[in-house]
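Participant: Sharing a structure with you now.
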Amino acid sequence: MLRMVATAERSHGFEQPFAPPGADVAVLLNANAKQVTPGVRRALSSVLPDEHLFVSRCADEAAAIADEVVARRYRTVFTGGGDGTFVSWVNRILESAERRAARPPCFGVLALGTGNAVAGVVGATPRRHVQDLLRFVRGEVGRVRRLDLVSCGDRLTPFAGVGIDAAVLNDYIWLKSQLADTPLRRLGLGASGYGLAIALRSAPRCLVERRPTYCEIVNVGRPAWRLDARGNRVGRPIAHGELLYAGPCMMAAASTVPYYGLGLRAFPFAGQAPGMMQVRVATSIPIRTLLTSVPSIWAGRFAHRGLLDFHADRVAMRFEKPMPLQIGGDAEGWRDELTFGMAPQPVDLVDFGTPCAAA
């Protein structure tokens, strides 16, 4: 969830006035993000000297850059890419800061990816990344938001999911690779690529499968709550050790932000309960219903008896067979059991203005 933080107070127990001097700002880019082109790098270097711009092409480079960023004690670090890039850099930098007993920086987001859920929440604008960075360096942006994160194994992320959402992501990656060296490669990118992936692979697969996978979801944290279609609590609190749900499962996901990428408002009740994530479970919903309800699903207004919502701070999930997992919009293999929980510490994010859905 996101909440405003007084500009004179930083999280993690450190107090320091928030100020955006250029020498204290770094930009970390993912060279594999489609929008991180040589032209974008040149444009950003017109705002910050090259010594403060870092580009990673592989995991080893990213680890070395994270260590250098922490060692240089940058106060603000912008990530350039999508949500997966943000998740990767945040995890690496927090791990490096913990090893060095150093204060983590404030993070910023430049919307340079296909999925820009975090960028949308803090008002960072696609195709205006240079202007956003320039506004910050000039001191025109001084607000900070605190972002709570979900833990999944040893990873921290704003959102993660198991099931059809991760399957769609895997199908998108497959389609993009199939079209990469053809004249149709642009059709495999962004929103059009996701649409084709759903139509050609995800939806047909769901139609062929006889039934969704059986799962059990147990509350392993403090009392959780079932939510109605408007996000209001219903019934009694669900105690530690009790089942949130047992039955067929098309998707089970958790988030502290309202959006997935491309403006999909997948978690309309995220951020409504301090210290809790929204857990959303799609049990058994006809594919035809999902396909004909795309506009309401995208806007976060979709309601169905097979769609269950909860506020919880920690849940354990078990599935009868391995299910595809996505963390921050990146495919992370398959799991037959996992735990989603609230991370113990939030991170601070530069807030550019009114939250909106990034396209």
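The values are calculated or read from the model by the stated rules, or taken from the named source; none is laboratory data. The model shown is predicted, which means the values in this text are computed figures rather than measured ones. Positions of Cβ are generated from backbone atoms using ideal geometry, with glycine treated the same way; all protein chains shown enter the neighbour counts.
Participant: Going residue by residue through region 281-292, is there one that turns out to be closer than 29 Å to Asp336 by Cβ and part of a strand (DSSP E or B)?
Facilitator: yes
Participant: Please work out if Gly261 is on the phi > 0 side of the Ramachandran plot, under 22 Å from the mean Cα position of the chain (by Cα) and either in contact (Cβ under 8 Å) with a residue 24 or more places away in the chain or crowded, with 16+ Cβ neighbours inside 10 Å (or both).
Facilitator: Answer is no for this residue.
Participant: Further question: Based on what the data block shows, is Ala266 assigned to a loop (DSSP other than H, G, I, E, B) and of a type in the set (A, V, I, L, M, F, W, C)?
Facilitator: Here the answer is yes, as Ala266 does meet what is asked.
Participant: Can I ask one more? Pairs under 6 Å by beta carbon, first residue under 19 Å from Ser296 (Cα atoms) in region 223-239, partner of a type in the set (A, V, I, L, M), six or more apart or different chains?
Facilitator: Once the first residue is under 19 Å from Ser296 (Cα atoms) and sits in region 223-239, its partners that are of a type in the set (A, V, I, L, M) give Asp228/Val234; Ala229/Ala303.
Participant: State whether the residues of region 10-23 include one that is modelled with pLDDT under 85 and part of a helix (DSSP H, G or I).
Facilitator: Among the residues of region 10-23, at least one is modelled with pLDDT under 85 and part of a helix (DSSP H, G or I), which makes the answer yes.
Participant: Another question, if that's okay. If you check Phe319, Phe302, which single one turns out to be out of contact with any Phe, Trp or Tyr (no Cβ under 6 Å at 6 or more places or on another chain), surrounded by 19 or more Cβ atoms within 10 Å (Cβ to Cβ) and more than 15 Å from Val162 (Cβ to Cβ)?
Facilitator: Phe302
Participant: Continuing with this model, one more query. Would you confirm whether or not region 51-70 contains a residue that is closer than 28 Å to Tyr259 by Cβ and touching a residue at least 60 places away in the same chain (Cβ under 8 Å)?
Facilitator: Checking region 51-70: not a single residue is closer than 28 Å to Tyr259 by Cβ and touching a residue at least 60 places away in the same chain (Cβ under 8 Å).
Participant: Now for a separate question. From Gly300, Gly328, Gly306, which residue is of a type in the set (Gly, Ala, Ser) and either farther than 22 Å from Asp228 by Cα or in the same structural domain as Glu98 (by TED's automatic domain parsing) (or both)?
Facilitator: Checking each option against the conditions leaves just Gly328.
Participant: Next question. Go through the residues of region 85-98 one by one and say whether even a single one is of a type outside the set (Val, Ile, Thr), at negative phi, under 12 Å from the mean Cα position of the chain (by Cα) and assigned to a loop (DSSP other than H, G, I, E, B).
Facilitator: No; the residues of region 85-98 include none that is of a type outside the set (Val, Ile, Thr), at negative phi, under 12 Å from the mean Cα position of the chain (by Cα) and assigned to a loop (DSSP other than H, G, I, E, B).
Participant: Restricting the search to region 330-354, which residues are of a type in the set (Val, Ile, Thr) and buried (at least 21 other Cβ atoms within 10 Å of the Cβ)?
Facilitator: If the condition is that a residue be of a type in the set (Val, Ile, Thr) and buried (at least 21 other Cβ atoms within 10 Å of the Cβ), then Val347, Val350 are the ones that fit.
Participant: I've got another one for you. For region 98-136, how many residues meet the condition of being surrounded by fewer than 20 Cβ atoms within 10 Å (Cβ to Cβ) and aliphatic (A, V, I, L, M)?
Facilitator: Residues in region 98-136 being surrounded by fewer than 20 Cβ atoms within 10 Å (Cβ to Cβ) and aliphatic (A, V, I, L, M): 4 in total.
Participant: If the requirement is being in contact with a helix residue (DSSP H, G or I) (Cβ under 9 Å, 6 or more places away or on another chain) and either surrounded by fewer than 17 Cβ atoms within 10 Å (Cβ to Cβ) or among the small types (Gly, Ala, Ser) (or both), which of these qualifies: Ala160, Ala224, Ala229, Ala166?
Facilitator: Selected residue: Ala160, the only one of Ala160, Ala224, Ala229, Ala166 that is in contact with a helix residue (DSSP H, G or I) (Cβ under 9 Å, 6 or more places away or on another chain) and either surrounded by fewer than 17 Cβ atoms within 10 Å (Cβ to Cβ) or among the small types (Gly, Ala, Ser) (or both).
Participant: Looking at Val130, Val118, can you tell me which residue is part of a helix (DSSP H, G or I) and within 24 Å of Arg314 (Cβ to Cβ)?
Facilitator: Sole residue among the options that is part of a helix (DSSP H, G or I) and within 24 Å of Arg314 (Cβ to Cβ): Val118.
Participant: Any residue at all in region 239-246 that is under 25 Å from the mean Cα position of the chain (by Cα) and under 23 Å from Ala117 (Cβ atoms)?
Facilitator: No: zero hits.
Participant: Now for a different question. Report, by residue number, each residue of region 49-84 that is β-branched (Val, Ile, Thr), over 16 Å from Cys106 (Cα atoms) and in a helix (DSSP H, G or I).
Facilitator: Residue satisfying the conditions is Ile65 alone.
Participant: Looking at region 271-281 only, could you name the residues that are modelled with pLDDT of 95 or more and not charged (D, E, K, R)?
Facilitator: Passing the criteria: Met276, Met277, Gln278, Val279, Val281.
Participant: Are there any pairs with C-beta distances below 6 angstrom linking a residue in region 96-108 that is under 23 Å from Asp351 (Cα atoms) to a residue that is of a type in the set (Asp, Glu) and surrounded by 13 or more Cβ atoms within 10 Å (Cβ to Cβ), with the two at least 6 apart or on different chains, and if so which?
Facilitator: Cys106/Asp348
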